[in-house]
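One structure is given here, and the rest of the page talks about it.
The values are calculated or read from the model by the stated rules, or taken from the named source; none is laboratory data. All values reported here derive from a predicted model rather than from experimental measurement. Note that each Cβ is placed from the backbone with ideal geometry, even for glycine, and that neighbours are counted across all protein chains shown.
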Amino acid sequence: MASASLPLLLVALFLGSFGKILAQISSVRYQAAGSCSISTEQLRVLPTDYERDVLQAFTTTTAGTGLAAAAQELQNCLFQSYDPAFDVLIGNNRTLYQVGPTRSYNWAHEGTAYLPDSNEVLFFSDAKNPGQANRVSLDTGNVVPVPLESPIGAATGATNYEGEILVATFGDYENGIPAGILQLDVYNGTWKWVLNNWFGLHFNGPNDIVALNDGSFIFTDSQFGVTQGFSPGGAQPAVYLVPPTGPARVIINQLPTTINGLALSADQQTLYVSTVQANNSDPADAVPLDMSNSIYAGNLVPFGGGRFAQNSRVFAVSDHGYADGFKLDVNGNVFASSGDGVDVFGANGSLLGKIIIPASQSSQQTVNNLVFAGSKLVIGHNTDVLMLQLNTTG
């Protein structure tokens, strides 16, 4: 395991235009010369006196009076490789760049959506600072507040839709804002409701959202909007599909714990849903009390002019924290937020490796949301934004 620091000029020459842009707008935040690899045998068999706190990362696993050898190997490694496929996906640039400022609160917590026309990424603040929306330029590093024409409540998820952005929001019931889905122009701040009820019942807490090519969209309605006091609730917590015309309908409602994140495969034939077992009303403090912080996959099957979710199955389980936000690359690999950074799962659900990112002081969960901007992975690190060049696209 070794580390090295390349001068930023050499990084720019090596990476071409991407490196030149980074040299202008951002600073090297975390850098490593390569991955730390650990063998299957080291992962599978530990000394029999091993111990690990369920709230701590694998690298804290002890054996006897010190760290277990496998944990020691990875203790100070930013890129932890459990499979050679991880190294292929990460590529040669092992540098996390910071884009934009560091702030004292979680301004880059929720969302996120890539805005290709302006090469920006949209982020929302957390539920403790609800209703703040910002565009972060990947060209200049500037952070521009979205001039919302009126409050939208505690926004949580976002996706591109018909030239604008669909936003999932917990709302703010006490101030007259219901939970639901709205369509937002991120440049002038105008917005309109697309969905704010289910047959007269309040949604609980729309959390994440994806759009389909046929004009329909799918969102998760979690219980967190109710437990955090933003919505009175009433509708069934579930995964809803909203077709171009007609009412919203439930397509998944039998997952074992609170539904949370959502993602689609590139061919839009597989839907992924994450769940979280929370120990209190704040999802930022969610912990895997029964290891139920999972990602489920299911087939989206056309039928009768609509779509149904079938063959729901466990795709992967987070060993530390939970997959609040996650995205797929073009080959079905899943990049998921976690308690210690970003988990990278292969298309078969196997954990290929981890991108380790130290937690910000304001959140137990290191990363909550991320998004692809072509071959760049843009990471909401709560109090700041990080960017990593990959050897894949999403």
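Quick check on residue 169: is it among the β-branched types (Val, Ile, Thr) and over 21 Å from the mean Cα position of the chain (by Cα)? So residue 169 does not fit the description; no. Restricting the search to strands (runs of 3 or more DSSP E) fully inside the range 310-358 and requiring at least 3 residues that are under 10 Å from the mean Cα position of the chain (by Cα), at pLDDT below 95 and not charged (D, E, K, R) gives an empty result. For the range 126-142, the candidate set comprises residues that are within 15 Å of residue 155 (Cβ to Cβ) and modelled with pLDDT under 95; within that set, the residue that is nearest to the chain's Cα centre (by Cα) is 126. Just so you know, in the range 89-141 the residues that are among the charged types (D, E, K, R) and outside any loop (DSSP other than H, G, I, E, B) include one that is nearest to residue 168 (Cα to Cα), and it is 110.
If only one of 50, 97, 30, 82 is modelled with pLDDT of 80 or more and under 30 Å from residue 155 (Cα atoms), which one is it?
Result of the check over 50, 97, 30, 82: 97.
Among the numbered conditions (1) within 15 Å of residue 148 (Cα to Cα); (2) part of a loop (DSSP other than H, G, I, E, B), the only one that residue 204 does not meet is (1). Which condition does residue 335 not pass, out of (1) within 18 Å of residue 209 (Cα to Cα); (2) in contact (Cβ under 8 Å) with a residue 60 or more places away in the chain, if it passes all the others? Checking residue 335 against (1) within 18 Å of residue 209 (Cα to Cα); (2) in contact (Cβ under 8 Å) with a residue 60 or more places away in the chain, the one that fails is (2). Candidates are the residues of the range 237-275 that are hydrophobic (A, V, I, L, M, F, W, C) and not in a strand (DSSP E or B); the one that is farthest from residue 335 (Cα to Cα) is 248.
If you go through the range 226-248 and pick out every residue that is out of contact with any helix residue (DSSP H, G or I) (no Cβ under 9 Å at 6 or more places or on another chain) and in contact (Cβ under 8 Å) with a residue 40 or more places away in the chain, you end up with 7.
The residue of the range 213-230 that is farthest from residue 126 (Cα to Cα), among those that are crowded, with 24+ Cβ neighbours inside 10 Å and among the β-branched types (Val, Ile, Thr), is 218.
Is it the case that some residue within the range 130-137 is surrounded by 17 or more Cβ atoms within 10 Å (Cβ to Cβ), farther than 22 Å from residue 228 by Cβ and free of Cβ contacts under 8 Å to residues at least 60 places away in the same chain?
Yes, there is a match, as at least one residue in the range 130-137 is surrounded by 17 or more Cβ atoms within 10 Å (Cβ to Cβ), farther than 22 Å from residue 228 by Cβ and free of Cβ contacts under 8 Å to residues at least 60 places away in the same chain.
Of everything in the range 215-236 that's in a loop (DSSP other than H, G, I, E, B), out of contact with any Pro (no Cβ under 7 Å at 6 or more places or on another chain) and not small (Gly, Ala, Ser), which residue is nearest to residue 324 (Cα to Cα)? My answer is 228. Here is the figure for the range 244-272: residues that are among the hydroxyl-bearing types (Ser, Thr, Tyr), touching an Asp or Glu at 6+ places or on another chain (Cβ under 9 Å) and loosely packed, with under 15 Cβ neighbours inside 10 Å total 0. Any residue that is over 20 Å from the mean Cα position of the chain (by Cα), charged (D, E, K, R), in a strand (DSSP E or B) and under 21 Å from residue 109 (Cα atoms) - is there at least one of those in the range 188-198? Checking the range 188-198: not a single residue is over 20 Å from the mean Cα position of the chain (by Cα), charged (D, E, K, R), in a strand (DSSP E or B) and under 21 Å from residue 109 (Cα atoms).
Residue by residue, here is whether (1) surrounded by fewer than 20 Cβ atoms within 10 Å (Cβ to Cβ); (2) touching a residue at least 60 places away in the same chain (Cβ under 8 Å) holds:
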{"position": "47", "(1), (2)": "yes, no"}
{"position": "57", "(1), (2)": "no, yes"}
{"position": "60", "(1), (2)": "yes, no"}
{"position": "83", "(1), (2)": "yes, yes"}
{"position": "93", "(1), (2)": "yes, yes"}
{"position": "105", "(1), (2)": "yes, yes"}
{"position": "112", "(1), (2)": "no, yes"}
{"position": "127", "(1), (2)": "no, yes"}
{"position": "139", "(1), (2)": "yes, yes"}
